[in-house]
1. Of all residues being among the small types (Gly, Ala, Ser) and farther than 28 Å from residue B:206 by Cβ in the stretch B:118-174, which is modelled with the lowest pLDDT? Just the residue, please.
2. Got a number for residues in the stretch B:40-66 being within 26 Å of residue B:213 (Cα to Cα) and exposed (fewer than 12 other Cβ atoms within 10 Å of the Cβ)?
3. From A:155, A:147, grab the single residue that is in a helix (DSSP H, G or I), crowded, with 16+ Cβ neighbours inside 10 Å, out of contact with any helix residue (DSSP H, G or I) (no Cβ under 7 Å at 6 or more places or on another chain) and modelled with pLDDT of 90 or more.
4. One residue is enough: does the stretch B:100-113 have a residue meeting the conditions more than 12 Å from every other protein chain (Cβ to nearest Cβ), among the polar types (S, T, N, Q) and over 19 Å from the mean Cα position of the chain (by Cα)?
5. Answer yes if at least one residue in the stretch A:160-175 is more than 9 Å from every other protein chain (Cβ to nearest Cβ), buried (at least 19 other Cβ atoms within 10 Å of the Cβ) and among the acidic types (Asp, Glu), and no otherwise.
6. Would it be correct to say that residue B:85 is of a type in the set (A, V, I, L, M), closer than 19 Å to residue A:154 by Cβ and crowded, with 17+ Cβ neighbours inside 10 Å?
7. Within the stretch A:49-144, which helices (runs of 4 or more DSSP H) (wholly inside it) include 3 or more residues that are crowded, with 21+ Cβ neighbours inside 10 Å and more than 11 Å from chain B (Cβ to nearest Cβ)?
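The values are calculated or read from the model by the stated rules, or taken from the named source; none is laboratory data. Fair warning: this is a prediction, and the values are worked out from it, not measured in the lab. Don't worry about glycine lacking a Cβ; one is built from the backbone with ideal geometry, like all the others, and counts go over all protein chains shown.
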Amino acid sequence: MDFFASSAGPIAQALGTTILLAVSAGVGSIVLGTLVTAARISPVPVLRWAAFAYVQFFVNVPLLVLLVLAVFALPDAGFLLPLTPTAIIVLTLYEAAYVAEAVRSGVNTVSRGEIEASRALGFSLGQTLRVLVIPQSLRAAIQPIGNVMIALTMNTALAAAVGVVELTSAANKLNLVEAQPILIFTAAGLIYMVLALAIGLTAGRLEKKLRIRR
Amino acid sequence: MTSPLSLYDEPGPRTRRRILIWSIVSAVVILGLIALALVQFASKGQLDSDRWLPFLDIAIWEYLGVGLLGTLQAAALTAVFGFVLGLLLALGRLSRVRWISWICTAYIEIARTVPVLLLIYLMLFGLPQLGLNFPVLWKLVIPLTIANAAAFAEIIRAGVLALPRGQTEAGLSLGMTRWQVDRKVVLPQALRFVAPSLVVQLVSLLKDTSLGYIVAFTELLYRGQVLSSFNGLLIQTFVVVTVIFLALNGGLSGLAARLQKRPGRRSLATPAEVAPAGLTTPNAPVDR
């Protein structure tokens, strides 16, 4: 039983890395994804096409391919960053496409009348987006964004495959020493479930608080 | 107008001019970024023709083609097993027998919140110690099936929930058993309704097969890795792998979009009202 005590330190540290990856890529992807949605619904065709291409690219290419490309290949072209920031950037770019789709599903809930009203009041498109459409879309998309955040948290595990020492890779290393696969992997799985549960509950609470009653 | 909302009027001359200016500005910025990246690539010699010309050689494509076959094989197996298991789980979760519904719900919730990579590591490093050693294909397919079955189950359940209740009631009133109603009335309609989401899930599943890279299963990314360590053309090889995935999944995504727009597609209940978490729009890609 004392291997619990000896392994607590490395596991806690690795969990910290997992949380760091999830939180920074989470915040980044929500900001970037919202911007992509704004571009997607803008009257500027070039921005609309660019946003569409962005989403299509990241939704259709495997995250692991992107991670391998960024970590092992891009340094050849002089794009060299430390491992963890690279993983955060790739995760952010990848999940932003899913956030963008979630926010866009929220845009559809904004009522026509309110938009027409804001136009009738002389709001510019930028103002309409900023004060009316985007806030309402984000509030309507809390649940789907929460789901993207849960997926993101699980996807941080892929960083293990390119050498980031996060929870999954720490569990694996621990298993190689302790040879207690069922125990260790189940424990790691439980930690992920707790993280997912926490995100899910937070999203649920936020939604209850911010839901727009129509 | 591509926007579903009338966010803006038919532009007048002034607005048209402003849109044009913004178009030019954003095009310049985007193309500028691409150009900067290309300059960077070129300065490291990554755009030299001798680094790209090898990809005209048929041998490289044959080599990657074997990987592509592996990818498709793993995806097909996962799709079939995942769909069947997902169907059973969906029916189980909807079952009125408490304990069946409880077990299926627990399975789905657990499988949705555990990283596939963790399951793969368990298959790869854990189970062999217990004397359970599967062939490498199954070390990939089993974890993917476990995870994707939960996703399929939720999609199918959303379809069933979106069906008007009257359909079931009508079937029962005609003297059909519950199983007959499910098989002949509910599922055929529900599956048609969620067909686009099922195709979108295929995209996600196909992407997941790239995890074969970790178990050393001969799929596209793994082959790309082996190839690049042989020819040293890292960026070029992985760009080619990316493009293949893009073409493959882009095709599937396009199919999903076409299915979504299929004429005569009746809208059942508003999906947003009934869909379980994660399925706000039937066709939105749900990453898992």
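1. Residues of the stretch B:118-174 among the small types (Gly, Ala, Ser): B:126, B:131, B:147, B:149-151, B:153, B:158-159, B:162, B:166, B:170-171, B:173.
When the remaining residues are screened for being farther than 28 Å from residue B:206 by Cβ, the result is B:131, B:166, B:170-171, B:173.
Details: B:131: 81, B:166: 88, B:170: 91, B:171: 90, B:173: 91.
Checked the stretch B:118-174; the qualifying residue modelled with the lowest pLDDT is B:131.
2. 6
3. Of A:155, A:147, the one residue that is in a helix (DSSP H, G or I), crowded, with 16+ Cβ neighbours inside 10 Å, out of contact with any helix residue (DSSP H, G or I) (no Cβ under 7 Å at 6 or more places or on another chain) and modelled with pLDDT of 90 or more is A:147.
4. Yes, some residue in the stretch B:100-113 is more than 12 Å from every other protein chain (Cβ to nearest Cβ), among the polar types (S, T, N, Q) and over 19 Å from the mean Cα position of the chain (by Cα).
5. Yes, that holds for at least one residue.
6. In short, no.
7. Counting at least 3 such residues, we get A:83-107.
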